[in-house]
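Engineer: One structure, pasted below without further comment.
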Amino acid sequence: MKTVNVAIMGIGTVGGGTYEILTENHDLLLKTQGIDFKVKKVLDKDISRIKRFGIPESAFASSIEDIISDDEISVVVETMGGVEPAKTFIEKVLLSGKSIVTANKELIAKHWPSLEQAAKKGKAGLYFEASCVGGVPIIRALQEGLQANNIEKIIGIINGTTNYILTKMTEENMSYAAALKEAQNLGFAEFNPTADVDGFDASYTLSILSSLAFNTCIPITSVYREGITGITVEDIAAGKELGYVIKLLAIGKKNGTDVEVRVHPAFVPVSHPLASVGGSFNAVFVKGDFVDELMFYGRGAGARPTGSAIVSDIVYASKRTSPLYTTFENNGKLDGSVNISGDLTSNFYISVSVKDIPGVLSSIAGIFASNNVSIESVVQKGKDGIAFIRFLTHAAKESEIRRAISEFSELDKSNRVISMIRVLEN
Ligand code: HSE
């Protein structure tokens, strides 16, 4: 049996969950891992947050230096959130030779190279399982379970807030605004929901996961991003009629040297395993060249699930004889040998409205044909002299779809494009 002394910086929701699991499951960890974990210091600018866990005053840290100078502490948990002062604190801790376990996705996505450099300088470990998909051990799976595979694709529903909103819109016919309000009232969505609904949070996660999956640096700037704010109940209803549900997907694909990384809403066939991931749950679908298809499902946020991921990293950090670093040159730049595809190929759903006059359908079909877009199916409904037409296309280049849409809009000033949504192939 060995004793490992841990410090926690920031004891809010996730830091609190970490403290609870380390104390509630102390004996389990002692029995199964042979490690007696002790929370020796807790740092938080709000003392009342430390007190609510009944932590003795002797464990209150007065500053970051208080933690760094304690030679008995070997692992430091960062659950403060935000970029600063977390970044400065983490770098100081790493340079002092103590390992960091963090849940800070934004920080890893934006500053991973400099943090890893500090870790290498200090011969310390930098672990961040909790930063991606909360309690789902996807990073460990990629690094330790699937390392023998070339990962071909990773497709995730990796933002619980947007999945909750889209599920409410699908199952209860709620408007986007009403579903967002409910998510805010329940504490899923922030007062300013931009990070979630505009896809920033998912793009940070995708940048980290695709870097690990494809063993190359995929900076956030390489990730195409589109959120869910434009999705309407009509889009959801059209999807239902055609056999799809709308999900905010994070998609990473690698084919030779070509890599696609994109976050956007998509029609997901109801038969796809990702279609049944509802509410605030997350899931990551992975395909490796030998293992074939896998899916990881679970809670992507919350005190206890994220605490579970943090403690897994604490155990991991405590057991390794040398720290784990990235398999690729982690310099924040796209590797010259990798080509990020700007012009994506996908099936598309396009809905338009036009004047219901003879020849209108054939003129639209002609525009698609001249732009190399092949139509898979068409549904038309008419009302008051207006035709509402929904197209599903075969796989087409996005540039060709956009050109077709712009030619369609120029054809007649009453022509209107209602929606353009990518379709996930089954
Ligand atoms: N806000 C995120 C979500 C959790 O809704 O899934 C933290 O990344």
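Engineer: Only one of (1) outside the structural domain of I220 (by TED's automatic domain parsing); (2) within 15 Å of S210 (Cα to Cα); (3) away from the ligand (no atom under 16 Å from the Cβ); (4) of a type in the set (A, V, I, L, M, F, W, C) is not met by A118, so which one is it?
Structural biologist: Among (1) outside the structural domain of I220 (by TED's automatic domain parsing); (2) within 15 Å of S210 (Cα to Cα); (3) away from the ligand (no atom under 16 Å from the Cβ); (4) of a type in the set (A, V, I, L, M, F, W, C), A118 violates only (2).
Engineer: Within segment 238-266, restricting attention to residues that are among the acidic types (D, E) and part of a strand (DSSP E or B), which residue is nearest to N339 (Cα to Cα)? Reasoning before the result, please.
Structural biologist: As a first pass, look at segment 238-266 and keep what is among the acidic types (D, E): 241, 258, 260.
From the residues that got through so far, the ones that are part of a strand (DSSP E or B) too are 258, 260.
On the way: D258: 5, E260: 9 Å.
Applying the filter and picking the extreme gives D258.
Engineer: Quick check: is even one residue across segment 269-281 at pLDDT 95 or above, assigned to a strand (DSSP E or B) and surrounded by 20 or more Cβ atoms within 10 Å (Cβ to Cβ)?
Structural biologist: No, there is no match, as no residue in segment 269-281 is at pLDDT 95 or above, assigned to a strand (DSSP E or B) and surrounded by 20 or more Cβ atoms within 10 Å (Cβ to Cβ).
Engineer: Are there any pairs, at least 6 apart or on different chains, whose C-beta atoms fall under 8 Å, with the first in segment 54-72 and closer than 25 Å to K2 by Cβ and the second polar (S, T, N, Q), and if so, which?
Structural biologist: I68/S96; D70/N5; E72/N5
Engineer: Of all residues in segment 340-395, count the ones that are within 18 Å of P269 (Cβ to Cβ), polar (S, T, N, Q) and in contact with a His (Cβ under 8 Å, 6 or more places away or on another chain).
Structural biologist: Residues meeting the conditions: 1.
Engineer: I've got another one for you. Considering only residues that are acidic (D, E) and within 11 Å of the ligand (Cβ to nearest atom), look in segment 178-206 and name the one that is farthest from S131 (Cα to Cα). Outline the logic, then answer.
Structural biologist: First, the residues of segment 178-206 that are acidic (D, E): 182, 190, 196, 198, 201.
Now drop any that are not within 11 Å of the ligand (Cβ to nearest atom), which leaves 190, 196, 201.
Working: E190: 18, D196: 15, D201: 11 Å.
If we take residues in segment 178-206 being acidic (D, E) and within 11 Å of the ligand (Cβ to nearest atom), then E190 is farthest from S131 (Cα to Cα).
Engineer: When you scan segment 310-331, do you find a residue that is within 15 Å of the ligand (Cβ to nearest atom) and either at pLDDT 95 or above or surrounded by fewer than 16 Cβ atoms within 10 Å (Cβ to Cβ) (or both), even just one?
Structural biologist: The first filter runs over segment 310-331 and keeps only residues within 15 Å of the ligand (Cβ to nearest atom), leaving 310.
Subsequent filtering for residues that are either at pLDDT 95 or above or surrounded by fewer than 16 Cβ atoms within 10 Å (Cβ to Cβ) (or both) retains 310.
Within segment 310-331, one or more residues are within 15 Å of the ligand (Cβ to nearest atom) and either at pLDDT 95 or above or surrounded by fewer than 16 Cβ atoms within 10 Å (Cβ to Cβ) (or both).
Engineer: Restrict the check to segment 148-156 and report whether at least one residue is within 14 Å of the ligand (Cβ to nearest atom) and modelled with pLDDT of 95 or more. Full working, then the answer.
Structural biologist: Of the residues in segment 148-156, the ones within 14 Å of the ligand (Cβ to nearest atom) are 156.
Restricting the remaining residues to those that are modelled with pLDDT of 95 or more gives 156.
Yes, the conditions are met somewhere in segment 148-156.
Engineer: What are the pairs, 6+ residues apart or on separate chains, where a residue within segment 161-175 that is near the ligand (Cβ under 8 Å from one of its atoms) has its Cβ under 6 Å from a residue that is among the charged types (D, E, K, R)?
Structural biologist: Pairs that qualify, where the first residue is near the ligand (Cβ under 8 Å from one of its atoms) and the partner is among the charged types (D, E, K, R), are T161/D196; T162/D196.
The values are calculated or read from the model by the stated rules, or taken from the named source; none is laboratory data. Remember, it's a predicted structure, so these values are computed and weren't measured experimentally. All Cβ positions, glycine included, derive from the backbone under ideal geometry; neighbour counts span all protein chains shown.
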